[in-house]
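> I have a structure I would like to understand better, so I am pasting it below and will then ask my questions one at a time.
The values are calculated or read from the model by the stated rules, or taken from the named source; none is laboratory data. Since the model is a prediction, treat every value here as computed from it, not as a measurement. All Cβ positions, even for glycine, are placed from backbone atoms using ideal geometry, and neighbour counts span all protein chains on display. What goes into the accessible areas is simple: the full protein's heavy atoms, side chains included, and nothing from ligands, DNA or RNA. Shrake-Rupley method; radii C 1.70, N 1.55, O 1.52, S 1.80 Å.
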Amino acid sequence: MGLSTPVLGFGDQTHRLIVVKRRGMESYSLLDAPDDTMQQGQGLWNKLSSGLFGKQKSSSSSSSVVKHEDDDKIHVFSLASGHMYERLLRIMMLSVSRQASRPVKFWLLENYLSPAFKAMAAVMSARFGFEVAYVTYKWPHWLRHQTQQQRIIWGYKILFLDVLFPLHLKKVIYVDADQVVRADIAELWDMDLQGHAYAYTPFCASREETLGFQFWRQGYWKDHLQGRPYHISALYVVDLQRFRQQTVGDQLRATYDQLSRDPNSLANLDQDLPNYTQHAVPIFSLPQEWLWCETWCSEDSKSKAKTIDLCNNPLHKEPKLDMARRVISGKLFNHSWVQLDSEIRDVATAAGLLHE
């Protein structure tokens, strides 16, 4: 029998890595490789991920790139909690896959999804031809925790993007569950983010009756943003390679940990945090048509909208499903929300699964 090692504790261990740069290499970053070497897969992070997730093909060239079967797919991240949002999530997935010109793989946060949703997702995957994968993550003990479930979910949307997905995944598009996509999401996937780690759509400013509710136009936020736009978090693109190389996750978590000490800060956690950190982590602003919301955007601009988001209206309260039936209908849509919902119901009935 071999010698046993006593277990001293179950807590995480922190290891400090000391690095000494060679003479003449002082100006080079360890993680953020220059564009030319990043394209060739020669950055430190690329070398690590190649060793962990795939074997480098033998070649006389040192710039060979490891290919993965996921490279030719569009990867969409989303999450939901509760029956109503699971219903909306199914419709969002159908709308994305139906408009996409390339295979789509959905990455869903498993923490709050019901067994009934996962069973239906498997049926939809086979019926409509997209893939579904699940990711899960336990909120770390060293990061200030939230107590309200909604705020916990907001945290999962932004705080752990660098650790949620496999290292071979180069990019992901987050789409809110209560959203319907009208355009080919490949357009968004192929968009040049001009070196930014992520991209968001700025809030609309074309519906005059709600401009007074846009708090970032005055006071603290106006002074802090210094002319930068305030972006909405219902849809965003993340270049995971740059996100990891530039240690954006660490910067967001450090800023979150500092601001969350004040219970009155980060009212919209998933949205306020990236907007607040724009000075350190700049946001690439997507074209306005990539996110239309009736609350903030004029009716005239709806015809150009590539996604429709069912965001809440501060002027009046309307049940989410009633809003979906009303807003996602008419000649602008090949399939209304009611038709998409009915189609999924038929698939569920044929599979012997209850939809409600």
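> For the stretch 193-213, state whether one or more residues are open to solvent by less than 30 Å² (accessible area, probe 1.4 Å), among the polar types (S, T, N, Q), more than 24 Å from GLN146 (Cβ to Cβ) and not in a helix (DSSP H, G or I).
Within the stretch 193-213, one or more residues are open to solvent by less than 30 Å² (accessible area, probe 1.4 Å), among the polar types (S, T, N, Q), more than 24 Å from GLN146 (Cβ to Cβ) and not in a helix (DSSP H, G or I).
> Looking at the stretch 181-192, which of its residues are open to solvent by 30 Å² or more (accessible area, probe 1.4 Å) and under 25 Å from LYS331 (Cα atoms)?
Selection gives ARG182, ASP184, GLU187.
> All but one of (1) of a type outside the set (A, V, I, L, M, F, W, C); (2) in contact (Cβ under 8 Å) with a residue 12 or more places away in the chain; (3) farther than 18 Å from LEU273 by Cβ hold for GLN218; which doesn't?
(2) is the only condition that GLN218 fails.
> Considering only the stretch 309-339, state which residues are aliphatic (A, V, I, L, M), open to solvent by 10 Å² or more (accessible area, probe 1.4 Å) and either more than 18 Å from ILE185 (Cα to Cα) or out of contact with any helix residue (DSSP H, G or I) (no Cβ under 7 Å at 6 or more places or on another chain) (or both).
LEU315, LEU321, MET323, VAL338
> Looking at the stretch 106-121, can you tell me whether even one residue there is among the aromatic types (Phe, Trp, Tyr) and over 12 Å from PHE77 (Cβ atoms)?
Yes, the stretch 106-121 contains a residue that is among the aromatic types (Phe, Trp, Tyr) and over 12 Å from PHE77 (Cβ atoms).
> Among the residues of the stretch 274-289, write down those that are in contact with a strand residue (DSSP E or B) (Cβ under 9 Å, 6 or more places away or on another chain), within 17 Å of GLN226 (Cβ to Cβ) and either open to solvent by 60 Å² or more (accessible area, probe 1.4 Å) or not β-branched (Val, Ile, Thr) (or both).
Of everything in the stretch 274-289, those that are in contact with a strand residue (DSSP E or B) (Cβ under 9 Å, 6 or more places away or on another chain), within 17 Å of GLN226 (Cβ to Cβ) and either open to solvent by 60 Å² or more (accessible area, probe 1.4 Å) or not β-branched (Val, Ile, Thr) (or both) turn out to be PRO274, ASN275, GLN278, SER285.
> Let me ask something else about it. Answer yes or no as to whether ARG244 is touching a residue at least 12 places away in the same chain (Cβ under 8 Å), out of contact with any Gly (no Cβ under 9 Å at 6 or more places or on another chain), farther than 27 Å from LEU88 by Cβ and open to solvent by less than 30 Å² (accessible area, probe 1.4 Å).
yes
> Condition first: under 19 Å from ILE91 (Cα atoms) and either in contact with a Phe, Trp or Tyr (Cβ under 7 Å, 6 or more places away or on another chain) or open to solvent by 60 Å² or more (accessible area, probe 1.4 Å) (or both). Now tell me which residues in the stretch 292-308 satisfy that.
ALA305, LYS306, THR307, ILE308
> Does the stretch 173-180 include one or more residues that are in a helix (DSSP H, G or I), crowded, with 20+ Cβ neighbours inside 10 Å and of a type outside the set (Gly, Ala, Ser)?
No, the stretch 173-180 has no match at all.
> Considering only residues that are open to solvent by less than 50 Å² (accessible area, probe 1.4 Å) and either in a loop (DSSP other than H, G, I, E, B) or in contact with a strand residue (DSSP E or B) (Cβ under 6 Å, 6 or more places away or on another chain) (or both), which ones fall in the stretch 347-356?
If the condition is that a residue be open to solvent by less than 50 Å² (accessible area, probe 1.4 Å) and either in a loop (DSSP other than H, G, I, E, B) or in contact with a strand residue (DSSP E or B) (Cβ under 6 Å, 6 or more places away or on another chain) (or both), then ALA351, HIS355 are the ones that fit.
> If you don't mind, there's one more thing I want to ask. Of (1) surrounded by fewer than 19 Cβ atoms within 10 Å (Cβ to Cβ); (2) free of Cβ contacts under 8 Å to residues at least 60 places away in the same chain, PRO166 satisfies all except one. Which?
With respect to (1) surrounded by fewer than 19 Cβ atoms within 10 Å (Cβ to Cβ); (2) free of Cβ contacts under 8 Å to residues at least 60 places away in the same chain, PRO166 is out only on (2).
> For the stretch 186-210, how many residues are in contact with a Phe, Trp or Tyr (Cβ under 8 Å, 6 or more places away or on another chain) and either over 15 Å from TRP290 (Cα atoms) or of a type in the set (Phe, Trp, Tyr) (or both)?
8
> Quick one: how many residues across the stretch 72-92 are in contact with a Ser or Thr (Cβ under 8 Å, 6 or more places away or on another chain) and surrounded by 19 or more Cβ atoms within 10 Å (Cβ to Cβ)?
Count: 3.
> Moving to a separate point now. Looking only at residues in the stretch 134-149 that are free of Cβ contacts under 8 Å to residues at least 60 places away in the same chain and farther than 23 Å from TYR198 by Cα, which one is most open to solvent (accessible area, probe 1.4 Å)?
Out of the qualifying residues, it is LYS138.
> Restricting to the stretch 117-151, name every residue that is part of a helix (DSSP H, G or I) and at pLDDT 95 or above.
Hits for the stretch 117-151 are PHE117, LYS118, ALA119, MET120, ALA121, ALA122, VAL123, MET124, SER125, ALA126, ARG127, PHE128.
> Also: Tell me which residues, restricted to the stretch 100-133, are buried (at least 18 other Cβ atoms within 10 Å of the Cβ) and in contact (Cβ under 8 Å) with a residue 60 or more places away in the chain.
ALA100, VAL104, TRP107, MET120, MET124
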